[in-house]
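Structure record follows, encoded as structure tokens.
Read-outs: derived from the displayed coordinates by stated rules, not from any lab. All values reported here derive from a predicted model rather than from experimental measurement. Don't worry about glycine lacking a Cβ; one is built from the backbone with ideal geometry, like all the others, and counts go over all protein chains shown.
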């Protein structure tokens, strides 16, 4: 669900870690532990390897020690803000085959939602992901109108899909501005949208950060 | 209104990247990986200080694989 998925869908990221979304289920967790053991993956920092943390939205972090993947960091998550439950995400997934191995990836719309974080680097990524979808003509008009972050493309999409844009404009001020063809207004609305998502992401993480801090403190004590 | 072209919005380089198929992008990405690893690049990622789970102490504890990190010897 991380950098590799971004490359697949059209953004570009040289990501050196591996981010996986996992189903929290006893049998699955046992398989996961076995796979991590095979990589010589050791937990780093907090929280510890336990279902409860994944379910609450924490990420679990590992670093591999096996020689051919030494240093590789793996982050596991199960509950992503704005993305919905695992079953729905799984139903929407994209499957690819590479070197005879099937790899399951977040659907583009889920990846875009998951990238709406407080981190600077995620926002240009979202723009690239949706642009690629737009230029390829894949993903659909509703997805573009709800997610495009390039003012000129949003204006074009609003003109091309006018009726749909009118129905979305009440939810998304950037689309309302796009219908008026006002590029500067669209850009300002997109900036406001990003600020709000960053705020919501900080709010989501605050109790989790507090818990991490308590766990770190307990570990050092 | 004519449909905007990728080149006009994002420039030639990105337009070319968008035109690749997902499999081709993967292949290009793997070439970069091969070069990076051949040059001795570490798999250990750089700290992401904006990540909500960033812990500066954890990064100090895990200076990875014995390879020397980058440090400033002289600042002009």
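Shape annotation for segment A:144-221: C-alpha extents along the principal axes are 61, 21, 16 Å, from largest to smallest. When each of the peptides A:136-148, A:99-111 is scored by the mean number of other C-beta atoms lying within 10 Å of its residues, the order from highest to lowest reads A:136-148, A:99-111. Shielding of peptide B:18-30 by partners, expressed as the average count of other chain Cβ atoms within 10 Å per residue Cβ, is 5.
Compactness of the protein assembly as shown is given as radius of gyration and Dmax, 20.7, 66 Å, from Cα positions. With helices as the sole contributors, the protein assembly as shown gives -17000 deg cm²/dmol at 222 nm; each DSSP H run of n ≥ 4 counts as -39500 (n - 2.57), and the sum is divided by every residue.
Can you say what percent of the DSSP beta bridges in the protein assembly as shown, counting only those with both residues inside, are antiparallel? Round to 5. Roughly 70 percent of the beta bridges in the protein assembly as shown run antiparallel, per DSSP. Panel values: segment A:3-107, Kirkwood radius from alpha carbon pairs, Stokes-Einstein at 4 °C and 1.567 mPa s, translational diffusion coefficient 88 µm²/s.
Available extension along the chain between residue A:216 and residue A:182 is 7.3 nm, counting 0.36 nm per residue and deducting the alpha carbon span. For chain A, modelled as a GNM whose springs connect Cα atoms under 10 angstrom apart, the maximal fluctuation among A:60, A:129, A:36 occurs at A:36. For chain A, a Gaussian network of Cα nodes joined below 10 Å ranks A:98, A:191, A:117 by mean-square fluctuation, and the top entry is A:98. Using a cutoff of 8 angstrom between alpha carbon atoms and counting only pairs six or more residues apart, the relative contact order for chain A works out to 16 percent. Once you have a ≥ b ≥ c as the square roots of the Cα gyration tensor eigenvalues for segment A:74-218, tell me rounded if a/c is under 1.5, and otherwise prolate or oblate according to whether a/b is larger than b/c. It comes out oblate by the Cα gyration axes. A simple spin-label model places pseudo-atoms 7 Å from Cα toward Cβ; at residue A:104 and residue A:50 they are separated by 2.6 nm. Please state the shape class of segment B:6-61: rounded when a/c is under 1.5, otherwise prolate if a/b exceeds b/c and oblate if not, all from the C-alpha gyration tensor. Taking the square roots of the gyration eigenvalues as a ≥ b ≥ c, segment B:6-61 is oblate.
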